[in-house]
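What follows is a set of notes on a single structure, which appears directly below.
The values are calculated or read from the model by the stated rules, or taken from the named source; none is laboratory data. Everything quoted here is computed from the prediction, not taken from an experiment. Here the Cβ positions follow ideal geometry from the backbone for every residue, glycine too, while neighbour counts run over all protein chains shown.
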Amino acid sequence: MPIWGQVELLCRAIAEEGQKEADRIISEAQMEAKRIVAEVKEREERQYQEEAQLQRSQAYAEARRMVDSAELEAKRRIMIFREQFNREVFEALRERLIRFRSEPAYGDFLISTFREAVDHLGGREFVAEMNEEDVQNFKTEIKEAAAELSLTLEIRPVLGLTGGIRVYSGDRRLLYDNSFSARVKRREETLRQEIWRVVFETEG
């Protein structure tokens, strides 16, 4: 074969080998490009999910904060209303007790609270305190109740006592306070709960 024919064959073989190498390089480049694109997509998707999760967490936290804030405000308003309502009811109760002093049953109430006090204190000598008007109106009845029990009793008028009776032991070391204010104070928490139960038809 002429030399030129051999050269042509050699060039053709080199060209074919070069084409194969170029095809291989292109194929590898395409595969690498696909891998890189897949990694980028995966990374972007992961970042998107992380950001979405972060935004959801922040949104939930903000919503929870708003709900907690609303609940606290609601509780605050309920407590304000409750205290205001209780004040109004207790004020009405005090006014009702003052009116009670002009009713016929008030004398019996004083005698029964006097008996309750001396039973609680024990002993034979006592000092009873009432407001001046009650002393004028009921001194005799209280003295008679003490006599029935064979007790020695001194009755004193005091200022600032709206109603009821305070009873001391004879040496004034012990006191049983059955004044209006003391009786209300002793039952204040029970009365508050009862008011709340009646108003809202629920316990507590």
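In segment 128-144, is there at least one residue being within 36 Å of the chain's Cα centre (by Cα) and either among the β-branched types (V, I, T) or assigned to a helix (DSSP H, G or I) (or both)?
For segment 128-144, residues within 36 Å of the chain's Cα centre (by Cα) and either among the β-branched types (V, I, T) or assigned to a helix (DSSP H, G or I) (or both): absent.
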(request) From R64, R87, grab the single residue that is surrounded by 10 or more Cβ atoms within 10 Å (Cβ to Cβ), at pLDDT below 80, more than 19 Å from G164 (Cα to Cα) and of a type outside the set (A, V, I, L, M). (result) R87
(message) Going residue by residue through segment 113-133, is there one that turns out to be touching an Asp or Glu at 6+ places or on another chain (Cβ under 6 Å) and crowded, with 17+ Cβ neighbours inside 10 Å?
(response) yes
(message) Of the conditions (1) touching a residue at least 40 places away in the same chain (Cβ under 8 Å); (2) not assigned by TED's automatic domain parsing to the domain that holds N178, L110 satisfies every one except a single condition; which number is it?
(response) (2)
(request) Could you please give the count of residues in segment 92-115 that are of a type outside the set (G, A, S) and either under 17 Å from A182 (Cβ atoms) or modelled with pLDDT under 80 (or both)? (result) 13
(message) What are the pairs with Cβ atoms under 7 angstrom where one residue, in segment 122-139, is more than 15 Å from L151 (Cβ to Cβ) and the other, located anywhere, is among the charged types (D, E, K, R)? Sequence gap at least six, or different chains.
(response) E129/R156; E129/R166
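Filter segment 147-191 down to residues that are of a type in the set (K, R) and either outside the structural domain of N137 (by TED's automatic domain parsing) or assigned to a strand (DSSP E or B) (or both) and give me whichever is farthest from E91 (Cα to Cα).
Selected residue: R156.
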